[in-house]
Amino acid sequence: MSTATTEKLARIFDGPYYLSIAGKLVEAKYSFDVFNPATGEILAKAPAASPAQLDEAIAAAKTAFKSWSTLGYDERETYLNAYADALEKSRDELARLLTAEQGKPLKTGAEPEIDQSISYIRQIAARRVPIEIVEETDTHCVELHHPPLGVVGAITPWNFPVVLALWKVAPALITGNTIVIKPSPFTPLSTLRFGEIAQGVLPPGVLSVVSGGNELGTQMTAHPDLAKISFTGSTATGKEVIRSTADTVKRLTLEMGGNDAAIVLPDADWKSIIPQLFWGAVGNSGQWCVGIKRLYVHRSVHEEFVAAFVDYAKQQKMGDGLDPDVTIGPVQNKMQFEKVKTLLDDIKANGQKIALGGEIDERRPGYFIPVTVIDNPPEAARIVQEEQFAPIVPIVMYDDVEDAIGRANDTPFGLGGSVWGRDTRAAVAVANRLETGMVWVNEIHTQGVDIPFGGHKQSGLGTEHGREGRLLFTNAKTVLVHK
Ligand code: NAD
């Protein structure tokens, strides 16, 4: 990299970063450090919004709601498209910043995430939630209207910090709400930049971004002037959000943790699907809510399958996501790194068979967990039961498909799952029995603005995307008229 490029990048990364409140870029009295997970070094300082600044952002959003909600869909569409255009101009910088703070590879992780976010805004901008006629006679008419809720609070995690924020921003705004976003304290920078860019395009108060610690999230969930919390994060935090929002009866969408199973059926063309399964599990360094967290493979091919999976894994390069040859980055933060180490300790202490990886190079800076493959751990093992959120893949053997289905469902989680087999009809029959919000058959992780996404059981409440998701940013209002 040339010196000029390095200096330019340093300027992009160093900041300064601002809160976006009431249409203005605002400094905070305090700041906190944001680390580059590839080096373990401080990347930049982010502003820590005070409780008063959060109040200010919510008050401005409440004021802005009055005019934003009365604009028509078409005008809001124009604004959202202008926002997408403005983001497009900073696309490369945003992608580099995302890699620097999150760790994901630039070409295969950060650039697609920024592109998908911008495209998501444009696609949602064209969507509508129209009034429905429920009943009509000569003398009587019943209409179902879908007015916006008011001010939405968005609380987001660190694994896909940008796209997960935009999954909330775009549907909230097109349906007429205003929004205040609180990004994860581990990855606030790219969301703060998204906020800064919005201030040049959207009316003041329509979209604000406040960064800070978890306590800012608690303040949001209890805030009387937020009508809804749209939360993505862990199940443990989601339960706290439910408790804290009870007093103000907020609307809630919760996208939480998962322990997705992939079932490879005996007739699967398993050799050809190794890359899909590998990236389904290890993409984003395994830090994916709908990542494959357990792979169930039939006894007849298990041994060969593990060997082929390991071979594929060996072809990958782990390192700093800004290096164009790198396909797997670090895990995102030290807390996660330490948590994953306890999982590896548990695997070793229980004598589970490690087919690949397992050893962390403690001298290497950054938070690198090598791709690790566990060969047929017992069903009760932590690595099978828990959400690892790391590039560690348990490949579990099964004899009987019924048994595999039972094991896949025997979890408090119910986010996603996948089934793989040559006989599509048989694979779909298995898929239909998985107790999850999404199930993919012979494909994985296909998503889209019109494809509902959400978890069953303790993985979620409500849905994102699709008509169902957009409706959750509105109230149902029944208007009954005697003609
Ligand atoms: P987390 O729950 O620790 O944090 C998520 C957000 O909640 C952060 O912004 C955090 O500051 C905030 N927060 C923390 N405590 C809070 C509180 N008491 N009240 C309000 N807000 C609070 O989650 P994480 O570690 O950032 O993200 C990883 C988790 O997110 C994993 O479990 C993953 O499966 C899940 N996730 C789910 C989806 C999905 O769509 N279902 C998508 C991505 C990630």
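The values are calculated or read from the model by the stated rules, or taken from the named source; none is laboratory data. Predicted model, so just to flag it, every value in this text is computed and none were measured. Cβ: placed from backbone, ideal geometry, glycine included. Neighbour counts: every protein chain shown.
Here the condition is being of a type outside the set (S, T, Y), touching a Ser or Thr at 6+ places or on another chain (Cβ under 9 Å) and more than 9 Å from the ligand (Cβ to nearest atom); of V210, V201, it holds for V210 alone.
Within segment 324-360, being touching a residue at least 60 places away in the same chain (Cβ under 8 Å) and touching a helix residue (DSSP H, G or I) at 6+ places or on another chain (Cβ under 8 Å) holds for P324, T327, I328, G329, P330, V331, Q332. Restricting attention to segment 217-238, the residues that are crowded, with 23+ Cβ neighbours inside 10 Å and of a type in the set (S, T, Y) total 3. If the condition is being among the aromatic types (F, W, Y) and in a helix (DSSP H, G or I), then segment 177-206 contributes only F194.
For the residues T424, T411, T342, the requirement of being assigned by TED's automatic domain parsing to the domain that holds H298 and surrounded by 20 or more Cβ atoms within 10 Å (Cβ to Cβ) singles out T411. Look at A125 and say whether it is more than 16 Å from the ligand (Cβ to nearest atom) and either of a type in the set (A, V, I, L, M) or not assigned by TED's automatic domain parsing to the domain that holds E56 (or both). Yes: the conditions hold for A125. Inspect all residues belonging to segment 53-76 and state whether any of them is buried (at least 18 other Cβ atoms within 10 Å of the Cβ), part of a strand (DSSP E or B) and either modelled with pLDDT of 95 or more or not assigned by TED's automatic domain parsing to the domain that holds G366 (or both). No, that holds for no residue. Looking at P183, is it within 8 Å of the ligand (Cβ to nearest atom), closer than 30 Å to Q336 by Cα and not β-branched (V, I, T)? Yes; evaluated as a whole, the condition is true for this residue. Among the criteria (1) of a type in the set (S, T, N, Q); (2) more than 16 Å from the ligand (Cβ to nearest atom); (3) under 19 Å from the mean Cα position of the chain (by Cα), the one T139 does not fulfil is (3). Identify all residues within segment 207-228 that are part of a loop (DSSP other than H, G, I, E, B) and either within 19 Å of the chain's Cα centre (by Cα) or within 26 Å of E101 (Cα to Cα) (or both); write none if there are none. Listed by number, the residues that qualify are V210, S211, G212, G213. With respect to (1) within 21 Å of I273 (Cα to Cα); (2) surrounded by 21 or more Cβ atoms within 10 Å (Cβ to Cβ); (3) within 16 Å of the ligand (Cβ to nearest atom), the lone exception for V396 is condition (3). Just one of the listed residues (G150, G109) is assigned by TED's automatic domain parsing to the domain that holds A38 and closer than 26 Å to P204 by Cβ, and it is G150. With the condition kept exactly as written, say whether any residue in segment 267-285 is closer than 30 Å to T327 by Cβ, in a strand (DSSP E or B) and of a type in the set (A, V, I, L, M). No: zero hits. Only one of the numbered conditions (1) on the phi > 0 side of the Ramachandran plot; (2) in the same structural domain as A52 (by TED's automatic domain parsing); (3) within 12 Å of the ligand (Cβ to nearest atom) is violated by N284, and that is (2).
Sub-6 Å Cβ pairs linking a first residue in segment 143-166 that is acidic (D, E) to a second residue that is assigned to a loop (DSSP other than H, G, I, E, B), at least 6 apart or interchain, are E143/I131, ordered by first then second residue.
Let's see how each residue does on (1) in a helix (DSSP H, G or I); (2) surrounded by fewer than 24 Cβ atoms within 10 Å (Cβ to Cβ):
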{"site": "R294", "(1), (2)": "no, no"}
{"site": "V301", "(1), (2)": "yes, yes"}
{"site": "A313", "(1), (2)": "yes, yes"}
{"site": "D320", "(1), (2)": "no, yes"}
{"site": "F337", "(1), (2)": "yes, yes"}
{"site": "I360", "(1), (2)": "no, yes"}
{"site": "I369", "(1), (2)": "no, no"}
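Scanning segment 108-145 for residues that are out of contact with any helix residue (DSSP H, G or I) (no Cβ under 7 Å at 6 or more places or on another chain) and among the hydrophobic types (A, V, I, L, M, F, W, C) returns I131, I133, V134, C141, V142, L144. Quick check on my filter: what residues within segment 397-446 are assigned to a strand (DSSP E or B) and under 18 Å from A381 (Cα atoms)? Matches in segment 397-446: M397, Y398, F413. Looking across segment 213-231, the residues that are aliphatic (A, V, I, L, M) and more than 11 Å from the ligand (Cβ to nearest atom) come down to L226, A227. The condition of being within 14 Å of the ligand (Cβ to nearest atom) and buried (at least 24 other Cβ atoms within 10 Å of the Cβ) holds for only one of V169, V162, V151, that being V162. Does G257 fit the bill of being in a loop (DSSP other than H, G, I, E, B), near the ligand (Cβ under 9 Å from one of its atoms) and touching a residue at least 24 places away in the same chain (Cβ under 8 Å)? Yes; evaluated as a whole, the condition is true for this residue. Go through segment 454-478 and report how many residues are touching a residue at least 24 places away in the same chain (Cβ under 8 Å) and either within 15 Å of the ligand (Cβ to nearest atom) or at positive phi (or both). Going through segment 454-478 one residue at a time, the tally reaches 14.
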